[in-house]
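S.K.: Here you go, one structure.
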Amino acid sequence: MIFIGWLIAVFVGQFQPLKAQSDAFLTQQWLSRININPAATGNSQYLDVYALIRSQWTGFENAPKTQTLNIHNYFHRIQSGLGLTATHDKIGVGLNNINAKLAYAYHVNLGVNWLLSLGLSGGIYQQRSDPSKNYVNPGQDQDYLLEKQSLLHPDVDFGIELNSARFQFGASVTHLLNISALSISKKTQVRQQYYAYMSYKQPVTEKLELVLGTRGTNFDYAPYIDLSLTGIVSKTVWLGVAYRAQNLDRLMKPAAVVGMVGVQIAFLRLGYSYDYSLGNIRNIAQGSHELMVSLKINKPKKEIHTKSPRFIED
């Protein structure tokens with residue numbers, strides 16, 4: 001597990017940290033990934049609808065909040081997945097981002113046990129600023145302006161994903177077009193984000209499976225990496241823990257420990273996670289909460305993959 005984690009660390013470490021705005025790092029991303037990797041589009045035996053709300057650093061005034069909606073499906077006739085993803089980020093006082101994209105993935109069966117998918121997504125990225133909701137001392141920061149601003153940019157992502165019944169690997173890059181910054185501050189610029197993740201599922205008994213996972217990304221000020229262990233009971237209940245680190249050049253400085261719990265009832269999945277911060281932010285704020293709701297809607301048999309099993313739903 002540690003070896004796999006360091007493989008991802010090497011991947012994200014190839015890129016220099018960027019002084020710019022970053023995507024939200026979502027804990028329960030493993031259940032639906034098309035907002036960060038379009039290659040995951042259609043990688044389900046169901047029509048998948050996924051919604052997540054993240055409230056970061058509760059107790060801290062005007063802390064970041066994120067809402068994400070993913071909808072995707074597989075179409076047998078064209079061997080492809082099609083989907084829609086939309087994310088709203090409230091970065092702080094008066095600064096909001098909306099990212100909406102159509103996602104496409106072409107699926108290639110590699111024998112009867114493996115599936116390779118290549119994905120591309122495109123859409124818009126809107127930045128909005130209302131400085132009247134914030135107070136800035138002009139003597140301290142001359143970068144900020146006082147008028148409202150809104151910028152609309154085209155946005156493109158690319159990714160790959162490899163799946164089997166027990167193993168999953170994915171890698172992607174988002175914001176390929178380098179989104180320009182609002183004039184309020186250079187920090188509102190959105191640069192490319194690089195993601196990589198791996199998971200391995202091991203049956204322990206007839207009713208218990210363990211999933212080992214790792215995930216890395218290159219944020220603006222430092223790379224992040226997750227190491228996780230999740231137990232799935234009877235394919236209906238899961239409990240998990242994760243360790244998150246940042247600043248890989250500083251020997252993986254602790255960032256957070258995470259607890260996850262979820263349940264599946266018929267076509268409905270509910271999940272909750274709590275991130276307990278280990279950095280300096282814990283002195284002024286509490287942890288981060290995530291609530292996830294997912295619908296797995298049955299579809300006609302002809303629209304279901306029949307050759308290659310899926311990592312989560314085999």
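All of the numbers you see were taken from the coordinates with simple rules; none came from a lab. Fair warning: this is a prediction, and the values are worked out from it, not measured in the lab. A quick note on method: Cβ atoms are made from the backbone with ideal geometry, for glycine too, and the neighbour counts reach across all protein chains shown.
S.K.: Ordered by packing density, taken as the mean number of other Cβ atoms within 10 Å over each peptide's residues, highest first, how do 166-178, 95-107 rank? Let's see the in-between values first.
M.R.: Values: 166-178: 18.7, 95-107: 20.7.
Listed from highest to lowest mean packing, they are 95-107, 166-178.
S.K.: Non-local amide H neighbours of Q79 (under 5 Å, H modeled in plane, Pro and chain starts lacking H): which ones?
M.R.: none
S.K.: With an 8 Å Cα cut-off and a minimum separation of 6 or more residues, compute the relative contact order for segment 45-124 in percent.
M.R.: Relative contact order comes out at 21 percent.
S.K.: To make sure I understand, if each residue's beta carbon is the centre and we count other beta carbons within 10 Å, what order do E161, E206, E147 fall in, fewest to most?
M.R.: On the way: E161 25, E206 7, E147 10.
In increasing order of surrounding Cβ atoms, one gets E206, E147, E161.
S.K.: Can you put S294, S129, S32 in order, fewest other beta carbons within 10 Å first?
M.R.: S294, S129, S32
S.K.: If neighbour count is taken as other Cβ atoms inside 10 Å, put V258, V204, V237 in order from fewest to most. Mind showing how you got there, number by number?
M.R.: Values: V258 21, V204 10, V237 14.
Result, fewest neighbours first: V204, V237, V258.
S.K.: Taking a 24 Å limit on the Cα-Cα distance, which of the listed pairs K101/K235; K65/K148; K65/K201; K101/K253; K207/K299 fall beyond it? Intermediate results must be reported in sequence, preceding the final value.
M.R.: Details: K101/K235 31 Å; K65/K148 21 Å; K65/K201 31 Å; K101/K253 34 Å; K207/K299 26 Å.
Violating the 24 Å Cα-Cα cut-off are K101/K235; K65/K201; K101/K253; K207/K299.
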